[in-house]
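Structure provided below as structure tokens; questions to follow.
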Amino acid sequence: MGWAAGRRRFVAAVAAVGVAATVGVVAYRVLAPAEVSTFARDDYPARSMPAPGVTGRLPVAPLIVDGRLRVYAAPRQVYADQPVDSRSRRTPHWSFRRWPASLDAVVASGTTVVSRWSDGQLVALDARTGRVVWRADGPEPASERTARRTGTAVVWRPSGLAVSRTFDGRRVVVSSGDSEVRAVDLTDGGQLWRAAIGAGCHQPVGTSARGQLLSVDSCDGPTVIEFRDPATGIVQVRWRPPDAGDELSATLIGCAPGGAGCAALRTSGPGDASARGWLLGSGEPIPSTALDDPGVELVDETTVGMVDGALVGRSATDDRQRWRVEVGPGRVIAVQPGRVHVLTEGNELVTLDPATGAQRSRFVLNIGSDGIGWAPGDAYAADGYVAVERLRRPVDPDGDDQRYYLTAEPLIIAAT
């Protein structure tokens, strides 16, 4: 009996060890750091050229890349589908997933998609295939990004990550953290420079048309705006508007998607009454009264804004009126080269040529039976397309996503 009992205890112990080992293996496979890539199986798509009008609706915000792909962000994944004018989201053309890091920001330049993750790592993907081109270490994001389910904060407003261009044409990826800024070459991810910044008092804004990295620095004395050389990381100018108060904020205007290549700057103190517009060039910013109004945008050296139901285009340098077009009550929601987009109170999308004011297209932003009883949220324009978030009225900024958005597919996308 004693021998039998001992044998049973031995078998039970061996079994327990085996179970523990199996659980350990499973836990490691589930919890260990991992990456999963799904490469493109189809050919790189041709550019779509749809007629003006609504092309589809989507559950998440698209970043249009090279006029051929729509790139999306998920909490731990960046992925793409195609064609751009597909009526709904499709099976991924390619996908890249990391664990346990979370996706913080996505930017694109040409056929390169750069993703930044919560551990600071930068991963560049070839938009044509989804394959990893390079990886580079960078500073961890200054704080955890707050993003609703559409992901607009990750792909349309990727603060802390930007692509710039040096004077000799080199494209540079600049990543900002809480106490450091680092730059790498877009071609191969090679580090170009790194610079220490004050923790908690240095806010990246974006890049100018000349490639300079702009940031608001309140670390030592009065708040200033820094202009940093993208090739070397050296601060070339520390500037603040004349008669500026202690509080100062800055917004870049006339930018490409992602806050890159911006032609102007708007500074303000508490409230909008003190807002002032400035053109960005080779020296210090130049005052532009045409850009003082926070509702005015800049595109192709023309400021555009609504005045009593009319869209007015003015010279950015001397505020001279170039044209005026009656479009009805509304507001400018987005601009892109060769196009300015106005959304009217009836949710008509009106697109005009910023050089002449000539109307390029006009149609109601409606699809299926969704209707037009919605309020616009974030908007984005690139490669002739416009995407707009549709919010449930009345807008409740503190409501959960189901209450906040109009439908499960709140993004409407149109060709203009």
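The values are calculated or read from the model by the stated rules, or taken from the named source; none is laboratory data. Given the structure is predicted, the values throughout are model-derived calculations rather than measurements. Heads up, the Cβs are rebuilt from the backbone with ideal geometry, glycines too, and the neighbour counts pull from every protein chain shown. These area figures cover heavy atoms from the full protein model, side chains too; ligands, DNA and RNA do not enter into them. Shrake-Rupley method; radii C 1.70, N 1.55, O 1.52, S 1.80 Å.
When all protein chains stay in place, what accessible area (Å², nearest 10, 1.4 Å probe) is found for Ile372?
So the heavy atoms of Ile372 present about 80 Å² to solvent.
Which of Val60, Val114, Phe96 sits closest to the plus end of the dipole of segment 41-119, meaning its Cα is farthest towards the positive end, when Lys and Arg get +1 and Asp and Glu get -1 on the C-beta?
Farthest along the dipole direction, towards plus: Val60.
Compute, for Phe167, the solvent-accessible surface of its heavy atoms (probe 1.4 Å) with the complete set of protein chains present, and express it in square angstrom to the nearest 10.
About 130 Å², rounded to the nearest 10.
Moving on. Run the accessible area of segment 268-416 with a 1.4 Å probe and give the carbon-and-sulfur part as a rounded percent.
Here it works out to 46 percent.
So, one more: Val132 to Asp398: extension gain in nm, 0.36 nm per residue of separation minus the Cα-Cα distance?
Going from the current span to full extension adds 92.0 nm.
In addition: Give the longest segment of the chain that steers clear of GluC sites (Glu not before Pro) in DSSP loops with at most 15 neighbouring Cβ atoms within 10 Å, not counting the sites themselves.
Segment 1-143 is the longest.
What does the accessible area per residue of the chain come to in Å², with a 1.4 Å probe and no ligands, DNA or RNA counted?
Per-residue accessible area for the chain comes out at 46 Å².
Nearest 20 debye, what's the magnitude of the dipole of segment 39-170 about its Cα centre given +1 on Lys and Arg Cβ and -1 on Asp and Glu Cβ?
Using Cβ point charges on Lys, Arg, Asp and Glu, segment 39-170 gives about 400 debye.
Now for a separate question. With axes computed from alpha carbons, what is the tilt in degrees of helix 2-31 against the longest principal axis of the chain, rounded to the nearest 10 within 0 to 90?
20 degrees
Same structure again: When the Cα centres of segment 226-259 and segment 353-407 are compared, how far apart do they sit, in Å?
Measuring centre to centre over Cα atoms gives 30 Å.
Among Ala127, Val325, Thr416, whose Cα lies farthest out toward the positive end of the dipole of the chain, if unit charges sit on the beta carbon of Lys, Arg (+1) and Asp, Glu (-1)?
Projecting each Cα onto the dipole axis, the largest value belongs to Ala127.
For segment 286-377, which trypsin sites (Lys or Arg not before Pro) are in a loop by DSSP, counting at most 15 other Cβ atoms within 10 Å?
Hits after loop and neighbour filter: Arg320.
Mind grabbing the accessible area of Ser102 for me, 1.4 Å probe, Å², rounded to tens?
Surface open to solvent at Ser102 totals about 40 Å².
Now for a separate question. How big is the charge dipole of segment 283-416 about its Cα centre, in debye rounded to the nearest 20, if each Lys and Arg gets +1 on its Cβ and each Asp and Glu gets -1 on its Cβ?
Value, rounded to 20: 480 debye.
For Met306, Met49, what's the largest-to-smallest order of accessible area, 1.4 Å probe?
Ranked list, largest accessible area first: Met49, Met306.
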